[in-house]
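The values are calculated or read from the model by the stated rules, or taken from the named source; none is laboratory data. Here the structure is a predicted model, which is why all the values come from computation and not from measurement. Cβ: placed from backbone, ideal geometry, glycine included. Neighbour counts: every protein chain shown.
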Amino acid sequence: MKAPARQANGDVLTARALRGDSDAWAELIQRNDRRVRLALLARGLAPEEARECAQEAWARLLDRERRGELRELRLPGLAITQAIFIALDARRRAARAPVLLHAAAAELEIADSSASAEETLLGKRRLERARQAVGMLSASMQAVFRAVFVEAGRPSYAQVATRLGLSEQRVKQIVCEIRAQVRSALDQEDG
Amino acid sequence: MDDDHLDDEIIDAYLAEALEDGARRATEVHLGTCTACLARVSRAAETELALLTVAAEPPPRRTAIVRRTVVGVAFAMAAAAGLAIVLRGPASDPAQPTPAAIEATGSIEPPQASDLVFADAEEQLQLPSSAELVVFVPEAEP
């Protein structure tokens, strides 16, 4: 049970981070930064802008923790929310049209603490469809999904191929199929 | 690149952070000027985020099975304890403790709700409606 173990470890890390442990912060950032940047890219930001907003978000969270203003730390949701506010602010200052940021809606929805930032970004129904799509993958695809997306350490396709007794090309092919199925699930119409 | 646009494979590798530094930089330079590819990256990033979000969730199915097993075992133990009380004879026997006394002294402890539920409330709500709980109840002596 990799995920619960990782979650428990995450809880310990979070508690340490809230007590000002810089090593814990470094580990949490390393674990969650990719999802923060992906969330920003998904909202239409260019890579450089996404990277800067993510870095600024982490810096602000650290600052808030040092000033004793951080009571809880739900990641990556809090960092995503912070990063999106930073991106919105930057767009306003630059007087640029918020291309895909949907400023007002994003601010209102993401401020809703009852939903995770990812859920808000992806939409609960769409995320549920993604869950179902993953749940319906064949056994061999599930094995690749777990190895590539779930397990810590982010093994290369070559490492996954060796472990599962597949060719690297086959692993790549299966990952493409997984992405296509989840994409298709996300694209389905609501209702 | 195909017709001056990024291949899907490059986009996937970029989002998976699997590109070498040179290829990553070239991809980002291209994305700085090509809105069509940036829109494709945005779409692919959403898919990747969905995959990582689902991957980060604990597997609910297995949790439910484990919980059912623990609850079933706990109920079976409780039922066995009840059977032991029945086999000890009538409660009026002054040499034997009554079931109430057993419960009060804790010599045979009934399962507490807090012992049976170890998942958080959110997980409990995710229990499939078809979850079955098998409880072994000893039949009363004639």
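Some observations on this one:
- Residue pairs whose Cβ atoms lie under 6 Å apart, separated by 6 or more positions or on different chains, with the first residue in the range B:1-26 and over 14 Å from B:Leu38 (Cβ atoms) and the second surrounded by 16 or more Cβ atoms within 10 Å (Cβ to Cβ) and modelled with pLDDT of 95 or more, do not occur.
- In the set (1) surrounded by fewer than 13 Cβ atoms within 10 Å (Cβ to Cβ); (2) on the phi < 0 side of the Ramachandran plot; (3) among the small types (Gly, Ala, Ser); (4) out of contact with any helix residue (DSSP H, G or I) (no Cβ under 7 Å at 6 or more places or on another chain), A:Gly165 fails one condition alone, (2).
- The helices (runs of 4 or more DSSP H) located wholly in the range A:78-191 that include 1 or more residues which are within 16 Å of B:Ala56 (Cα to Cα) and at pLDDT 90 or above occupy A:124-135, A:139-145, A:168-187.
- Here B:Ala18 meets each of (1) surrounded by fewer than 18 Cβ atoms within 10 Å (Cβ to Cβ); (2) modelled with pLDDT of 60 or more; (3) in a helix (DSSP H, G or I) with one exception, condition (3).
- Filter pass, A:Ala57 being more than 10 Å from chain B (Cβ to nearest Cβ), modelled with pLDDT of 95 or more and in a helix (DSSP H, G or I): yes
- Looking at B:Ala16, B:Ala39, just one residue is of a type in the set (A, V, I, L, M, F, W, C) and either touching a Pro at 6+ places or on another chain (Cβ under 7 Å) or at the interface with another protein chain (Cβ under 8 Å from one of its Cβ atoms) (or both), and that residue is B:Ala39.
- Of the residues making up the range B:21-34, those that are exposed (fewer than 13 other Cβ atoms within 10 Å of the Cβ) and assigned to a helix (DSSP H, G or I) number 4.
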